[in-house]
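Quick notes on the structure that follows.
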Amino acid sequence: MLAMIPVDMIENGQRLRDISEAQVASLINSIADVGLLNPITVYPRQLYRGGVQVDGYGLIAGLHRKTAYERLGLAEIEANILDLDDLDRQIAECDENLCAPQLSPADRAMFTKRRRDAYEAKHPETKNGRDQHSNRDGQVVQPSFAEDQAAATGVDARTVRRDAERGEKVCDEALSLIRGTRFDTGAYLDRLKSLTPDEQVKAVKED
């Protein structure tokens, strides 16, 4: 459902990616010129305002757009309101990040691994990783995380599996240290995969 909702009644929650100031600045200029082209996505939730529980929203997708609205001093923003559970919200947020332009290999590894974890928690029958649509009896089954992510983001399933492996085998601390540096390459991540987490962190700090 599309609706205009108060910006100050939307809670960001714990985001998987930091704000890009350059992207916010670009959106401020665009919104000031032509308005909001794509609504944000939220879900209904309870918020606390002044110690009182009130109806509000949690943000699923559109942090940069919401931030631009806040800085422009705009009171309301157009939003697509969805009723999603926690796992679906995690998947939706990862999908938005995975579709972002100029995503680095470390970012892709991190978001793909988190999306896979949420997807397989929601659909544990897919953990065998098979890319199939029906079983031997012809019954439709849930696609694997790689096939589902490929359909959602436009990246082939083989690349999705590669990114998930990097996210699985390279620890979070090492990925955080690598992000945005000259080591943020697929080749460097693949070099780290055979090391223990402590060895990975040590190698990044010493390189």
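The values are calculated or read from the model by the stated rules, or taken from the named source; none is laboratory data. These figures come from a predicted structure and were not determined experimentally. So basically every Cβ, Gly included, is an ideal-geometry build from the backbone, and we count neighbours across all protein chains shown. The accessibility values were calculated without ligands, DNA or RNA, using every heavy atom of the protein model including side chains. Shrake-Rupley method; radii C 1.70, N 1.55, O 1.52, S 1.80 Å.
The table below gives the values:
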| quantity | calculated |
| --- | --- |
| Three-way shape label, region 44-129, alpha-carbon gyration tensor, a/c 1.5 | oblate |
| His123 versus Asn29: modelled label distance in nm, points set 7 Å from Cα along the beta carbon direction | 4.1 nm |
| Cut-off 12 Å between beta-carbons: net charge of the residues surrounding Val7, Lys and Arg +1, Asp and Glu -1 | -2 |
| Per-residue SASA entry for His123, accessible area with 1.4 Å probe, Å² rounded to 10 | 30 Å² |
| Antiparallel bridges, percent of DSSP beta bridges restricted to the chain (to nearest 5) | 75 percent |
| Alpha carbon convex hull of region 1-46, volume per residue in cubic angstrom | 110 Å³ |
| Helix-only CD estimate at 222 nm, as mean residue ellipticity for the chain, using -39500 (n - 2.57) per DSSP H run (n ≥ 4) | -15000 deg cm²/dmol |
| Between region 1-24 and region 43-111, the Cα center-to-center distance that results, in Å | 5 Å |
| Projected label distance in nm at Arg49 and Leu84, using a 7 Å step from Cα toward the beta-carbon | 2.4 nm |
| Convex hull of Cα atoms in the chain, direction-averaged projection (nm²) | 14.8 nm² |
| Rg(Cα) / (2.2 N^0.38 Å) computed for region 3-81, rounded to two decimals | 1.08 |
| Within a Gaussian network of the chain (alpha carbon springs, distance under 10 Å), most fluctuating of Arg45, Arg182, Arg161 | Arg182 |
